[in-house]
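Heads up: the structure comes next, in structure tokens.
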Amino acid sequence: MTDDIPADSPDDSGSSPVQNHGHVASEHRHELADRLIRRLDVKDHNAIFEMISAKAYFGGILIAILALFYWIFISSADDDIETGVSILRSLSFPDVAIAVMVLGLLSALFRDYSRELGHLVPSLISGTMIIVCGFYAIEPLVYGFVTDELEAQTAIWRSARLGVLWGGVTYCAHYLVDAFLLYWLKQFCANHDIDIYPAEDSGVHEPQASD
């Protein structure tokens, strides 16, 4: 007696595991494109160009503002960097500010990346970085109100500046990630000859293949 071969086996259908894997990857990319269209509320294909420009524009503005803020209020400020040195890696206040900007930016990037692609590890890394940023931002207050190393006014001013930098890089990361994802969506639609049309009688916009 011969064994029965499933109808959907590679031998019968002529498909290969590599082809199946490529089909699954293509389905995931289509799902990602549809999810981006819904979340970012892309009205039509032409709107993508304006949205990319706007997101990148505001992201660049925030980068310039943060750079000026650091230069004026931290790098050039009259702070005694010998006091209030962080117990975490013994960083001075200017170095702590740089660490908060870098970790805050990476944390937001990893969090948005994980949200769109559904990956676990980037979210774990993002959560760890947020805790480190929070520690750096609160540490001056501890020095000012628990110890005699910093005056209370100086401690509050340091934490406030770190909070501004942290919040600024977080918003900046959102703009940059959205601009990158919109650029990917534009390229994906162009490569697959897909147009975006608003769904009738609903607030949902759906991608449709061009004829």
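Each of Leu103, Gly118, Ser75 was scored by the projection of its Cα onto the charge dipole of segment 61-120, and the greatest displacement toward the positive side belongs to Gly118; charges sit on the C-beta of Lys, Arg, Asp and Glu.
Note on Ser75 and Tyr183: the model spin-label points, each 7 Å out from Cα along the C-beta direction, lie 2.5 nm apart. Taking amide H as placed 1.01 Å from N in the peptide plane, Ile194 has its amide H under 5 Å from the amide H of Ser210, each at least 5 places away in sequence or on another chain. Remark: segment 93-103, residue by residue, has Karplus-estimated 3J(HN,Hα) of 4, x, 5, 4, 4, 5, 4, 5, 5, 5, 5 Hz, where x stands for each Gly or Pro and the curve is 6.51 cos²θ - 1.76 cosθ + 1.60 at θ = phi - 60°. Taking only the C-alpha atoms of segment 43-209, the Rg (one decimal) and the largest Cα-Cα distance, Dmax (whole number), read 20.6, 67 Å.
Return Val42, Val85 ranked ascending by Cβ neighbour count within 10 Å, so the fewest neighbours appear first.
By the 10 Å Cβ count, ascending: Val85, Val42.
Residue by residue, segment 104-111 carries 3J(HN,Hα) couplings of x, 5, 5, 4, 5, 5, 5, 5 Hz when phi is fed to the Karplus relation 6.51 cos²θ - 1.76 cosθ + 1.60 (θ = phi - 60°); x denotes Gly or Pro.
Just so you know, all these numbers are worked out from the coordinates, no wet-lab data involved. All of these numbers come straight from a predicted model, not from anything done at the bench. In this analysis, Cβ positions are derived from the backbone assuming ideal geometry, glycine residues included, and neighbour counts consider all displayed protein chains.
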